[in-house]
Amino acid sequence: MKLRIILKSFEALALRKVSSQIHNLCLELDCKVSGVVALPIRIKKYCVLRSPHIDKDSRETFELRIHKHFIDISSENDSIIEDLYKIEVPAGVLCSFQELK
């Protein structure tokens, strides 16, 4: 059974912490893990006018950084999914599973 875990977050430190927990758990369960792969950071920039009526030159910019990691796991044991669900993921980290062929 092959499994891909995709992790997304706005906070890089929380994402690294969860990915290292998952990696260590897989090593304890004797699974074949192809390391934590960090994908490029996606940056979304927004520009907002400070004043709604006049002075268009006065603007404020905001950016949103989305960090993304994925881990590929292959194991003969199907109970690894149950163990992965027991890991506490902090708020702000999205964790999704995909089964690979």
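Values for this structure:
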item	result
Within a Gaussian network of the chain (alpha carbon springs, distance under 10 Å), most fluctuating of 41, 22, 81	81
Integer Hz, Karplus 6.51/-1.76/1.60 couplings in order for region 11-19, x for Gly and Pro	10, 5, 5, 5, 5, 5, 5, 5, 5
Point-charge dipole on Cβ atoms (K/R +1, D/E -1) for region 2-100, about Cα centre, debye to 20	660
Residue among 32, 45, 17 with the largest mean-square fluctuation in a Gaussian network model of the chain, springs linking Cα atoms under 10 Å	45
Unpaired by the 4.7 Å Cβ criterion, cysteines found in the chain	47, 95
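FYI, it's all coordinate maths here, none of it is from the lab. What you see is a predicted model, and the numbers here were worked out from it, not measured in a lab. Neighbour counts run over all protein chains shown; Cβ positions are idealised from the backbone, glycine included.
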